[in-house]
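All remarks here apply to the structure that follows.
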Amino acid sequence: MAEAHQAVAFQFTITPEGIDLQLSYQALNQIYLSGVRSWKKRVSRVRNSLIKGVYPASPSSWLFVSIAILATMYMRSDPSMGLITKIQHHLPLSLHMSLSAQGQTMLSALVFSTLLWLSLILALRFCLKLLLSYHRWMFEQHGRVSNFTKVWVTLLGLLSSRKPLLYSYQTSLPHLPVPAIKDTLSRYLRSVRPLLNDLEYKRMSELASDFEKNLGNRLQRYLKLKALWATNYVSDWWEEYIYLRGRGPIMVNSNYYGMDFLYVTPTSVQAARAGNTITALLLYPPKGQPGGTQTESCSRHRDPSVCCSM
């Protein structure tokens, strides 16, 4: 109760002599610092969202495009091939009344520059999505990289030259393809074969064949329909029905683990190693707000196969 009493920022009591007001400057200072930290986190989230939203471009590239368009117009040239004039004719009437002809032209040029900048971002994302659809590099031997993969690494490095944040590639990732139902059933039967005897496996094969001919095809069409508008057809369902709605014990049914050092053991005291891990976890968030952590990219390595061992 004493600690709770000290935590009160202010309190007042009415006495016969009047109102007795007591302020806790220490509590008020903590409230102020808490607000400052909260606004810093908000600003950091907005900044990271802006950087991720325009990747692989940068917010400063908009200024470069705008200056280039305005400089071209200053030299009596129209880089928009008449689009700036059309934008100027479609400006609201209030802007026509309040802005001069030169101001309307500059505003139209800025609108065109913004549209051009967004179009370039979409084009770069499309090219990046095509590059990220290449998977053959994962199956090449370490130290024996094909020329095609070397060209792929070079192009990927050119499009992602800026340091990406944690979710910068999210909008450029290819859609997760829906596997063929025949392949899915084949893999399932191979996985359960060591667990079943011959009679049980024969029965399971018959059930799989019946599922493929009847209910499976209809469910497959649903998945293909969802894959048309969802980047990952299974992630949200997996999160909702497997993780959130699952009521099984997590510790004995999941494989979460943590490692302090990979090849070095500075101490054999488990409590010290656990304390070191907890300290590292507590120090990690201040280095970057959600989405502000830089990622490791295969384009930084001559041999992309080393990314699979990180």
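The values are calculated or read from the model by the stated rules, or taken from the named source; none is laboratory data. For clarity, every value in this text was computed on a predicted model and none was experimentally measured. Here Cβ is always computed from backbone atoms with ideal geometry, including for glycine, and neighbour counts include all displayed protein chains.
The figures follow:
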| read-out | value |
| --- | --- |
| Boolean, residue 102 is part of a helix (DSSP H, G or I), polar (S, T, N, Q) and loosely packed, with under 11 Cβ neighbours inside 10 Å | yes |
| Selection within region 105-118 - hydroxyl-bearing (Ser, Thr, Tyr), surrounded by fewer than 18 Cβ atoms within 10 Å (Cβ to Cβ) and either at pLDDT below 90 or under 30 Å from residue 150 (Cβ atoms) (or both) | 105 |
| Residue within region 149-160 that is under 30 Å from residue 206 (Cβ atoms) and either in contact with a strand residue (DSSP E or B) (Cβ under 8 Å, 6 or more places away or on another chain) or exposed (fewer than 13 other Cβ atoms within 10 Å of the Cβ) (or both) present | no |
| Those helices (runs of 4 or more DSSP H) lying entirely in region 125-227 with at least 2 residues polar (S, T, N, Q), touching a Gly at 6+ places or on another chain (Cβ under 7 Å) and touching a residue at least 24 places away in the same chain (Cβ under 8 Å) | none |
| Pick from region 52-89, criterion of a type in the set (Ser, Thr, Tyr) and within 29 Å of residue 129 (Cβ to Cβ), ranking: surrounded by the most Cβ atoms within 10 Å (Cβ to Cβ) | 55 |
| Per-region count, region 66-84, residues modelled with pLDDT under 85 and polar (S, T, N, Q) | 2 |
| Hey, residue 67 touching a residue at least 12 places away in the same chain (Cβ under 8 Å), hydrophobic (A, V, I, L, M, F, W, C) and under 28 Å from residue 123 (Cα atoms) or not | no |
| Residue list for region 227-255, restricted to those being polar (S, T, N, Q) and either modelled with pLDDT of 80 or more or surrounded by fewer than 10 Cβ atoms within 10 Å (Cβ to Cβ) (or both) | 232, 235, 253, 255 |
